[in-house]
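The block underneath contains the structure these notes are about, expressed in structure tokens.
The values are calculated or read from the model by the stated rules, or taken from the named source; none is laboratory data. This one's a predicted model, so the numbers in the text were calculated from it and none came from an experiment. We place every Cβ from the backbone using ideal geometry, glycine too, and count neighbours over all the protein chains shown. These accessible areas exclude ligands, DNA and RNA; they are computed on the full protein's heavy atoms, side chains included. Shrake-Rupley method; radii C 1.70, N 1.55, O 1.52, S 1.80 Å.
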Amino acid sequence: MLRRYLRLFGVQLRSSSLLAMQYRGDFLLEGLISIFWTFTALAPLFVVYQGRKAIAGWSFEEALLVVGWFTLLQGVLEGAITPSLNGVVDHIRKGTLDFVLLKPADAQFLVSTTRFLPWRATNILTGMVIFIYAFHQMGRGPSLPGLLAALVLLGTSTLLLYSMWILTVSAAFFVVRVDNLTYFFQSIFDAARWPSSVFKGALSVVFTFIIPLALMTTFPAQAMLGRLPLQALVAAVAGAIAFAFLSRKVWLRSIGHYTSASS
Amino acid sequence: MSLRTAARAFPTLVRIGFSEALAYRAELLIWVLSTTMPFIMMALWTAVARDAPVGRYGQEGFVGYFLATFVVRQLTGAWAAWQINFEVRQGTLAMRLLRPISPIWSYAAENLGAVPMRFLVGVPVAIISVLVVGPDAVPRQWWGWPLLALALLGGWLITFLANVAIGTMALYMESSQKLMDVWLVLFFVFSGYMYPVELLPPVMRSLVDWLPFRYQIGLGAEVMTNAHSLPTALKLLAGQWLWVLGMGALAVGLWRRGLRRFAAYGG
């Protein structure tokens with residue numbers, strides 16, 4: 001069973017890579033856009049830290065780490081998650097999801113792996129550059145356990161992002177005209193570029209428990225700084241798994257609502 | 001296709017746009033939810049201003065400013081770029097071209113039709129802002145109100161016409177989506193959507209007056225929160241309307257030239 005899905009995954013990945021290799025010119029364009037994006041994404045940070053040493057306990061360099069994680073996860077999101085799941089919205093509107101449902105494999109697996117944009121990996125590189133610059137400015141390196149924890153959190157963040165997308169896409173079964181779903185999702189994800197401790201009260205609860213943005217970028221940045229308590233790490237892993245489980249349940253329910261639109 | 005027929009048909013088109021907005025309420029809700037960035041920025045900036053005010057803005061000032069930004073964004077929104085891009089690629093633009101009125105008018109009517117619904121979202125926020133921040137959340141002087149109306153109209157026109165110009169680029173290249181992304185990034189940085197433009201570093205500060213972005217959102221929000229004296233406000237408004245004219249010329253020019261290249265694929 002598992003091996004069959006791994007093989008399927010390999011096939012899907014290969015077809016996406018072949019497609020990407022055809023458009024090698026895109027690599028340059030994507031790279032340029034990614035760098036452009038990152039610099040403009042940094043602009044608010046510069047404005048905020050003008051004449052301020054620290055905000056909500058985060059110095060400029062430390063906040064830079066959060067932006068680095070934001071950039072990196074954006075690469076993951078736009079390279080591996082949104083391309084496939086955008087297709088689902090199209091499938092639902094046109095009623096072509098039938099063809100996917102008919103295939104003898106899990107529908108969620110199939111729709112989540114149809115398309116990858118490997119060129120978006122440039123964002124991951126940009127994120128790395130930001131990490132290196134930030135630590136260089138701080139004059140020290142991350143600790144080894146901190147790095148390991150950050151790697152674990154990269155996994156949980158990806159899982160969380162993916163689950164959030166599955167939840168968003170599930171909404172498409174109920175509200176049909178959702179061309180702006182991607183835009184919606186990105187505008188929410190945008191809040192993840194700030195250290196979560198700037199949010200107080202209700203917003204902080206929302207961003208930790210309901211839309212767990214804090215777990216995605218602030219936790220890994222804290223882990224790199226060696227400031228993340230072990231309980232938080234365990235809670236993040238458990239939370240991500242619970243969230244994935246929940247999104248799976250919602251997906252199964254939503255797909256029950258799918259009424260193939262005969263064209 | 002004279003201007004007079006367009007003017008006669010326009011109210012009906014706007015009514016149709018309104019009915020559409022009413023029919024797709026859920027989509028509108030998603031749009032409203034996706035423009036909640038001012039609230040995020042409000043949380044951030046009030047955290048920044050907790051110890052000492054930033055420029056003229058204390059915590060209350062930021063609350064007023066960002067609530068105004070939210071209201072202005074609601075009332076000046078346009079999405080014609082996505083529409084045009086989609087319709088050019090799908091070939092359905094041909095349907096619009098068959099009508100005896102320029103598609104630009106019908107896009108404008110559709111986008112304007114959503115304004116009453118957005119008003120319903122914006123007004124309560126403005127009222128809350130008055131309750132929280134006090135009288136400074138809305139224009140104090142009588143002249144503030146007509147200027148605000150003008151600033152909102154100008155802001156909408158720039159947004160809409162820029163949307164048309166970028167959407168039309170789909171006629172020249174495969175997809176203008178990337179171009180729109182670039183525009184949006186610049187918009188976020190320079191429009192005053194994430195911070196009042198006067199907080200920008202001096203170099204960028206002088207650049208901002210020459211770019212269209214701050215006239216889309218920033219000017220409206222500033223007029224609403226009494227940031228300017230009458231002469232400054234009038235000067236900025238003149239700048240805004242110059243951009244309206246410039247953007248209009250660009251959009252119409254691109255549209256006319258681009259339409260000759262349109263080849264209704266499929267459809």
Heads up, the protein assembly as shown by the C-alpha gyration tensor (a ≥ b ≥ c square roots of eigenvalues; a/c under 1.5 rounded, else a/b over b/c prolate, else oblate) looks oblate
Quick one: check the C-alpha center-to-center distance for the stretch A:236-259 versus the stretch B:56-91, whole angstrom. 32
Once you keep just the Cα pairs under 8 angstrom separated by 6 or more residues, what percentage relative contact order results for chain B? 27
Global form of the stretch A:143-251, assessed from the alpha-carbon gyration tensor, a/c cut-off 1.5: prolate
In debye to the nearest 20, how big a dipole does chain B give about its Cα centre with +1 on each Lys and Arg Cβ and -1 on each Asp and Glu Cβ? 840
Identify all lysines with a Cα-Cα distance to A:LYS53 below 30 Å; exclude those on the same chain that are fewer than 8 residues away in sequence. A:LYS200
Let me know the longest stretch in chain B that avoids all chymotrypsin sites (Phe, Trp or Tyr not before Pro) found in a DSSP loop with at most 13 other C-beta atoms within 10 Å. B:1-141
Can you work out the Karplus-derived ³J(HN,Hα) for every residue in the stretch B:184-189? Use 6.51 cos²θ - 1.76 cosθ + 1.60 with θ = phi - 60°, whole Hz, and x for glycine or proline. 5, 4, 4, 4, 5, 6
Karplus-derived 3J(HN,Hα), 6.51/-1.76/1.60, for each residue of the stretch A:195-206, Hz, glycine and proline x: x, 5, 6, 6, 8, 10, x, 4, 4, 5, 5, 4
Could you sort B:LEU97, B:LEU161 by their accessible area in this structure, using a 1.4 Å probe and putting the largest first? B:LEU97, B:LEU161
Among rounded, prolate and oblate, which fits the stretch A:2-255 when a ≥ b ≥ c are the square roots of the eigenvalues of its C-alpha gyration tensor, a/c under 1.5 means rounded, and a/b larger than b/c means prolate? prolate
Quick one: divide the alpha-carbon radius of gyration of chain B by 2.2 N^0.38 Å and tell me what you get. 1.04
